[in-house]
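Structure record follows, encoded as structure tokens.
Read the figures in this text as sums done on the coordinates, not as results from a lab. As the structure is a prediction and not an experimental result, all values here were calculated from the model. Counting neighbours? That spans all protein chains shown, and the Cβs are built from the backbone with ideal geometry, glycine included.
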Amino acid sequence: MKLAKTYEPNEYEPNIYALWEKSGAFKPSGRGELFSTVMPPPNANANLHIGHALDMGLKDISVRYKRMRGYDTIFIPGADHAGFETWVVYEKELNKQAKSRFDFTREQLYNQVWDFVDQQRGNMELQLRAIGVSADWEKLVFTLDSKVIKTVYATFKKLWDEGLVYRGERIVNYSTKFQTSYADIEVDQKQEKGTLWHIGYSLVEGPVNGVKEIIIATTRPETLFGDTAVAVSPEDDRYKDLIGKKVHIPLTDREVEIIADEYVDAAFGTGAVKITPAHDPNDFEVGKRHNLERLQVIDFDGTMINVPKEFIGLDVDTARQATLKALKDKGLIRKEETIEHTVGYDYKSGLPIQPLIKDQWFLKIKPLAKRALEALENNEISFYPASRQHILRQYLQNIRDWNLSRQIPWGIPIPAFQNVDDDTDWIFDESVSEETIEVAGKTYRRDEDTFDTWFSSGQWPFITTEALDGGDLSRFYPTNLMETGTDLLDRWIARMIMLGLYVTDQVPFKDVYLHGMVLDEYSQKMSKSKGNVINPMDSIATYGSDALRLGLVAGRSPGQNQAFGLDRIIAGRNFCNKLWNIARFIENKLGDEYEPDVPVAHSLADHWIISELQTAKDIIEHSLDTYRYAEASDAMYHVIWDSVADWYIEASKDQRNDALLAWVIDISLKLAHPFAPFVTETIWQTLSWHDTLLISETWPEIIEYSDISAAEFGRVQQLVTEARFVTSALPGNEKYSLLYGDDSLIADNNQLIKRLAKLDKVIGTVQPHGLRLAVSGRDAWLDVSAKTLADHQVNLEERLAATHADIQALEGRLAHPNYMEKAPEKLVAETKQLLDEKKAVVIRLQQELELLKI
């Protein structure tokens, strides 16, 4: 079979993937040094987005590279039950049926959602295959598999037995829309403008030293109904005589005491704050220190309770406005000021999170964080970029106890039961399918909550590798690479490190690579509402998987949010076409009867291309070993596009070496395979001298070459480049001859130079004349007439003046504050690049003008 005239990805990619999978190429070899990575499990019932394509593509580059290097390699796939995310989707389905979660038992809901997810799972896995992920699919782990639940329960039991989990009534981040609590890091914290209201609380016993009231400052006036104290700083002399006095809570008949607590910042607002222990985490701690009542005034559905009758049942926003109106009617608002403050939002509904008191299971996280910090201090894990380790350290140093409970039916049930006669008596038991159990003559009712999904995901590396069971994959733990997004540094990376060390006494992975967010071409976040989303499956359907992979990795730096547009995918497609055309040329040159031969360098071009491939190979290896994907891809791209296609293929038309041509295309395909697996494998399978799979081939070895000969070709290349540049700038379309003096390099390679530079003739002469190619460093001239030289000089001077004008305009644009502040980041970058290019043109034009004066 011969290569078709054009490469049509969709005609080949599905069959190539099926070939890989059928061959068992994705399975570990059982030989060599170990390399493993696990898939951050995508949501089983959702489609992949562009971030997934980047995430999976980067890992697959490393896996394919290590596999070819002879490593015993595995990429373990996964699928996430995505507890809360999936529940939100399914709850919408229930709403369409005019149903809610309260119309079913937990078991009924669980089974319904299981069926719903099971119908969707296959689609996600097909999309991963389309991206080219070379995962061992027989090892796929679903986050609700029995082995996952078994391990999660064993970890929870260990924490339980060691006193690291506790049942506690504490302030939690509560979503009134979805009626579940969140962990701290799941709250979307936004910095925004708000109002700070100053409200007068009158003293019960009358004026003290002439002071009739204490003025508190708050951003949440609707919670004043839950105030159980007013607090001031013990160091604040303004209020020292008021400590211990009582004040009226406005709009109520309640009285509370003025207390002193170091929590209060005397410089904030009025220096006096209302204390509402049931609705603020800091107030909760103050309340514990002073044994204050916890009065809940916002219910779990977001409506007001335990308030005067005119406010009962109002939602929080409405209650705020009603409270402010009542305060103003009574003349109790002393001041309003606009401030910048942080407000926590439910990332799913977009509504404010309500801090509410709830009985939940909490993990004492400090002991686990301490162990993780020690591992980081000892550099047991390398981070790319390295700066992220410092950020992770800061997070671990300030971490708070972790709320493990979620009030949704879809997930791993918490294996805890409460004594029906003693609410302080809890036991661990895995009989979660039973509503009640009998133990030692006592009846226990199960906890209806499920685990925070991140609790099971935090154990992902040692679950997927069966590290605790000594299974077939246990040799791959700790894993080598954990590659994921920067946004998961705290919520996932930190938890995997803490739980990995706690359960296995080893870090869960050796290297962490964090990629940034994929932004649109104008550096804006992609969103459906903006209409700027790039669907990876649509891109694959139009341009092919390799084009998407190449486009995503190009120019991408670790940890940075970076722009990405269709132009990059098109550039990736163009590269695939270039590689295809190189292969077609070589296949046609060698013919159907070609028999592989030992490649040996003969010509200067042969030595040079071997040297170029050696250099590229070294760069690719060093870059991939240190997860510098963009640098590796760039080196691969340029050696194939520039060195092989633009130079060696052209040179081979005059200096044919069949064995080396075959070797060059083979090495090119091997170097490109991790980045563009489909097109490289398609070409490999089509070339007549192959009977193996490229995916299973070894990483290339470079054959012997001469540095001196390679350098000689480099000098030929310099002369040809100069001749091409000058002839392209000369007026008219005349084909010029090159004249040279006593120059053996030109004499020995005259036909090659003629072809590469597209010259009429290359002639040796005693007295060369015309336009000297001085930049080439050789005694070479173009046979140009005096009139053409004069016209050329005028043209150069005009171009120089025009380029200077362009530079002045670009510099003026960049100097304008409005442009730098308001123009899209991509446009500013393009302007700067264009300015650099124009400056380079000026230098070259000036050199050409100087040569005309010689």
Calculated from DSSP helices alone, with each H run of at least 4 adding -39500 (n - 2.57) and the total divided by the residues of the chain, [θ]222 nm to the nearest 500 comes to -13500 deg cm²/dmol
So what are the radius of gyration and Dmax for the Cα set of the stretch 507-570, in Å? 13.3, 42
Given backbone amide H placed at 1.01 Å from N, residues whose amide H is under 5 Å from that of Val208, ignoring those fewer than 5 places away on the same chain, are none
Cα convex hull of the stretch 785-854: mean projected area in nm², to one decimal? 5.0
Asp317 label point, 7 Å along Cα→Cβ, cut-off 13 Å on backbone N: hits in the stretch 332-357? 350-353
What is the distance in Å between the Cα centres of the stretch 653-710 and the stretch 490-517? 38
Suppose the chain between Glu811 and Asp538 were pulled fully straight at 0.36 nm per residue; how much longer would it get relative to their current alpha carbon spacing? 94.3 nm
For Leu351, distant residues with modelled amide H under 5 Å away: Asp346
By per-residue mean of other Cβ atoms within 10 Å, what is the highest-first order of 566-574, 791-799, 726-734? 566-574, 791-799, 726-734
Note on the chain, DSSP bridge orientation, antiparallel percent to nearest 5 equals 70
How many nm separate the modelled label positions at Ser29 and Phe104, each set 7 Å beyond the Cα in the direction of the Cβ? 4.8
Quick check: Cα centre of the stretch 807-854 to Cα centre of the stretch 318-338, how many Å? 58
The chain: relative contact order as a whole-number percent, Cα under 8 Å and 6+ apart: 12
Here FRET efficiency (C-beta to C-beta, Lys288 to Ala630, R₀ 56 Å, nearest 0.05) is 0.60
In a shell of Cβ-Cβ distance under 12 Å around Lys139, excluding Lys139 itself, what net charge do Lys and Arg (+1) and Asp and Glu (-1) give? -3
Give me the one-decimal nm value for the distance between modelled label points at Lys147 and Glu593, 7 Å along each residue's Cα-to-Cβ direction. 5.5
For Glu93 and Ile702, FRET efficiency with R0 = 51 Å and r from the beta-carbon atoms, rounded to 0.05? 0.30
Expected vector for the stretch 180-185, Karplus 3J(HN,Hα) from phi with 6.51, -1.76, 1.60 and θ = phi - 60°, integer Hz, x for Gly and Pro, equals 8, 8, 10, 6, 3, 6
Based on Cβ point charges of +1 for Lys and Arg and -1 for Asp and Glu, what charge dipole magnitude is obtained for the chain about its Cα centre, in debye rounded to the nearest 20? 1380
Report the relative contact order of the stretch 80-234, percent, no decimals, based on alpha-carbon pairs under 8 angstrom and at least 6 residues apart. 12
Amide H of Gly78 versus every other amide H placed in the peptide plane: which residues, excluding those fewer than 5 positions away on the same chain, fall under 5 Å? Met39, Val141
At R0 = 45 Å the Cβ-Cβ FRET efficiency linking Arg445 and Leu19, nearest 0.05, sits at 0.25
About its Cα centre, what dipole magnitude does the stretch 546-705 give when the only charges are +1 on Lys and Arg Cβ and -1 on Asp and Glu Cβ, stated in debye to the nearest 20? 760
Within a Cβ distance under 10 Å of Val204, other residues only, what is the Lys/Arg minus Asp/Glu net charge? -1
Label-point separation (nm) for Glu821 and Ser744, each offset 7 Å from Cα along Cα-to-Cβ? 6.7
With +1 at each Lys and Arg Cβ and -1 at each Asp and Glu Cβ, the charge dipole magnitude of the stretch 146-246 around its Cα centre, to the nearest 20 debye, comes out at 520
In cubic angstrom, how much convex hull volume per residue do the alpha carbon atoms of the stretch 546-705 span? 103
With a 10 Å Cβ neighbour count serving as the proxy for reagent exposure, in which order, fewest first, do Asp618, Asp452 appear? Asp618, Asp452
Can you list the residues of the stretch 339-380 with backbone N under 17 Å from a point 7 Å past the Cα of Lys190, pointing along Cα to Cβ? 339-355
Loop-resident trypsin sites (Lys or Arg not before Pro) in the stretch 269-314 with no more than 11 other Cβ atoms inside 10 Å, DSSP not H/G/I/E/B, are Lys309
Below 8 Å, C-alpha to C-alpha, sequence gap of six or more: please give me the relative contact order for the stretch 546-705 in percent. 32
Taking the mean number of other Cβ atoms within 10 Å as a proxy for protection, how do you rank 590-599, 263-272 from highest to lowest? 263-272, 590-599
Nearest 5 is fine: what % of DSSP beta bridges in the stretch 185-355 come out antiparallel, could you say? 90
Where only C-alpha atoms are counted, convex hull volume of the stretch 152-294 per residue in Å³: 153
